[in-house]
Amino acid sequence: MKLMTLIKEMLIPQKIDYSAMINKGAKVVDVRTQEEFISGHAKGSENIPLHELSNHIDKLKGQEVILVCRSGGRAAQAKSILEKNNIISHNAGAWQNL
């Protein structure tokens, strides 16, 4: 039975409580363009467009980061960049998920 539970956990991602993470101090970074961000964004999020993210690595070090964008694609790219710099990050997908 443990094998089935393990397989289920691997195939069906567990829901992450982003609100709890934010309450514990995680920073929400929206990696969409400034124009997209202005048109709507998650309350309390900071806009760092994906193409500028590498310039903000030092500012993000030591923080847990929740990444959002329009659908999750750019957030996935941003997650890869941050992880290469030893920054704990999570792809929350679309900004409306928060």
task = Give the long-range amide H neighbours of Asn91: residues separated by 5 or more places, or on another chain, with amide H under 5 Å away, using H modelled in the peptide plane at 1.01 Å from N.
result = Leu67
message = Using only the alpha-carbon atoms, how far is helix 73-84 inclined from the longest principal axis of the chain? Give it as 0 to 90 degrees, nearest 10.
response = 90
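Only the coordinates and a few stated rules stand behind these numbers; no lab work does. Everything numeric in this text was worked out from a predicted model, so none of it was measured.
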